[in-house]
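First up is the structure itself, then whatever we jot down about it.
The values are calculated or read from the model by the stated rules, or taken from the named source; none is laboratory data. If you're wondering where the values come from, they're calculated on a predicted model, not measured in any experiment. FYI the Cβ positions are ideal-geometry reconstructions off the backbone, even for glycines, and counts take in every protein chain you see.
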């Protein structure tokens with residue numbers, strides 16, 4: 001069972017490789033450009049899946065509240081960027097979010113839902129700001145709708161992964177290993 005789970009994870013990661021390119025809004029439309037945007041960077045994928053995994057580890061209301069906090073604050077960060085409000089250290093905070101959320105999953109940290117939502121919300125603000133800063137020629141509203149949908153779907157992948165591996169023997173350990181791998185990938189991205 002663990003082999004099948006690892007195979008499924010591996011195939012999911014490999015199958016996302018062709019999506020690692022921004023779509024041209026002129027050719028594909030702003031909505032499609034927004035949908036593809038979170039899939040452009042490994043940092044975005046890792047964080048959004050980690051949010052779902054961590055929400056499963058916390059359980060209860062956190063299962064929906066933590067991802068919802070991320071999506072909501074990401075949209076606010078996008079709006080700030082579009083409005084011309086700058087934030088310092090956007091890229092370093094995004095890289096720190098990969099490491100931090102990976103560590104939270106690796107250590108299976110169980111905070112109350114409000115504190116967990118606040119943590120992901122801070123990181124989401126910077127992720128959303130980065131999306132807004134890279135808007136380019138896309139229309140803001142359809143682009144935002146696209147990346148919000150893609151982000152929510154990546155959270156669902158993390159939740160499904162967490163729930164799925166939670167049902168197998170050693171699943172909690174496997175989730176923690178995935179968190180550790182996420183943190184290590186964040187370090188590699190920061191220094192790579």
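Of all the listed residues (52, 79, 84, 60), the sole one being out of contact with any strand residue (DSSP E or B) (no Cβ under 9 Å at 6 or more places or on another chain), surrounded by fewer than 16 Cβ atoms within 10 Å (Cβ to Cβ) and part of a helix (DSSP H, G or I) is 79.
If you go through region 165-187 and keep only what is assigned to a helix (DSSP H, G or I), over 17 Å from the mean Cα position of the chain (by Cα) and surrounded by fewer than 16 Cβ atoms within 10 Å (Cβ to Cβ), you end up with 166, 172, 173, 177.
Scanning region 22-42 finds one or more residues that are touching a helix residue (DSSP H, G or I) at 6+ places or on another chain (Cβ under 7 Å), modelled with pLDDT under 55 and not in a helix (DSSP H, G or I). For region 105-116, check the following and say yes or no: at least one residue is more than 15 Å from residue 69 (Cα to Cα) and either assigned to a helix (DSSP H, G or I) or touching a strand residue (DSSP E or B) at 6+ places or on another chain (Cβ under 7 Å) (or both). Checked against the condition, which is being more than 15 Å from residue 69 (Cα to Cα) and either assigned to a helix (DSSP H, G or I) or touching a strand residue (DSSP E or B) at 6+ places or on another chain (Cβ under 7 Å) (or both), region 105-116 yields at least one hit.
Looking at residue 152, is it assigned to a loop (DSSP other than H, G, I, E, B), under 13 Å from residue 50 (Cα atoms) and touching a residue at least 40 places away in the same chain (Cβ under 8 Å)? Considered against the rule, which asks whether it is assigned to a loop (DSSP other than H, G, I, E, B), under 13 Å from residue 50 (Cα atoms) and touching a residue at least 40 places away in the same chain (Cβ under 8 Å), residue 152 comes out as no.
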